[in-house]
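The values are calculated or read from the model by the stated rules, or taken from the named source; none is laboratory data. What you see is a predicted model; the values in this text were computed from it and never measured. Counting neighbours? That spans all protein chains shown, and the Cβs are built from the backbone with ideal geometry, glycine included. All accessible areas refer to the heavy atoms of the entire protein, side chains included, with ligands and DNA or RNA removed. Shrake-Rupley method; radii C 1.70, N 1.55, O 1.52, S 1.80 Å.
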Amino acid sequence: NPNPNPNPNPNPNPNPNLGPLGQLHALRRQPGLELTTFTVLREPVSWVISAYNYVCGGVQHERTCSAGRHDVASMLRTLRSNPQCAYLLHGWGGWTLSPGPPASEEQCSTVISSLRHNMDFVGHSDCLNATFSWLSNRMQLAGTGAVSHSSASEVHANKGPGHYPRGWAPVTVGQLTFAESARLRNLTRLDHRMYGAFRSKACSLTVRLR
């Protein structure tokens, strides 16, 4: 079926040799390969806090994490700007390290175009049930049966305080002051733009199936 929303750029990836999107773009160009791809974007503030807690002491401890206290101030001091966009462009190098330079506004716009071009579906953390519904429908069309899943509220999470290292406590969104919240939103401004670009489709299931 013809694409009802053709992308004007046939190669919307800034560098097909770099990052997860570049690898995906290369896969989709292989002749004869049938590939269904989808991803789920997370609300940027929640993503930052979760990633910081996960890689900086909650589950693992990267060398690139701050050697000082695990708190909001350390998180904001060490955070790279727009980390979700940077990850899709360059891959993961560490909490403070990236294989590439900070993502520019133009590059993050290209990431949005690349997601639209290379993904069959881009889900949203605000409406995970819609993602499960799409995936179940997709697999039924492919003749592989329905997807078995639990409630969207039962998503993966760290195991909780009983499993944290002694003396360690996670950062929570409730700890942010108004000024810190504003700073975090500014540091993730382009991630928020990317997140918002897919919300309407992701939550209404008005998606195209290839």
### Task
Residue by residue through segment 177-208, note down the ones that are at pLDDT below 95, over 19 Å from Ser114 (Cβ atoms) and of a type outside the set (Gly, Ala, Ser).
Cys203, Leu205, Thr206
### Cross-chain or 6+ apart pairs with Cβ under 9 Å, segment 24-41 first and free of Cβ contacts under 8 Å to residues at least 12 places away in the same chain, then in a helix (DSSP H, G or I) and open to solvent by 60 Å² or more (accessible area, probe 1.4 Å)
Leu33/Leu27; Leu35/Leu27; Leu35/Arg28
### Task
Quick one: in segment 109-126, of everything that is open to solvent by 30 Å² or more (accessible area, probe 1.4 Å) and not polar (S, T, N, Q), which residue is modelled with the highest pLDDT?
Arg116
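Kindly establish whether Ser74 is of a type in the set (Ser, Thr, Tyr), under 20 Å from Gln175 (Cα atoms) and at pLDDT below 85.
Considered against the rule, which asks whether it is of a type in the set (Ser, Thr, Tyr), under 20 Å from Gln175 (Cα atoms) and at pLDDT below 85, Ser74 comes out as no.
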### Query
Between a first residue in segment 66-91 that is over 12 Å from Val111 (Cα atoms) and a second residue that is modelled with pLDDT of 90 or more and aromatic (Phe, Trp, Tyr), which pairs have beta carbons less than 9 Å apart while being 6 or more apart in sequence or on different chains?
His70/Tyr52; Ser74/Tyr52; Met75/Tyr52; Thr78/Tyr52; Leu79/Tyr52; Pro83/Trp47
### Message
Considering only residues that are over 20 Å from Ser50 (Cβ atoms) and surrounded by fewer than 18 Cβ atoms within 10 Å (Cβ to Cβ), which ones fall in segment 69-108?
### Response
Pro99, Gly100, Pro101, Pro102, Ser104, Glu105, Glu106
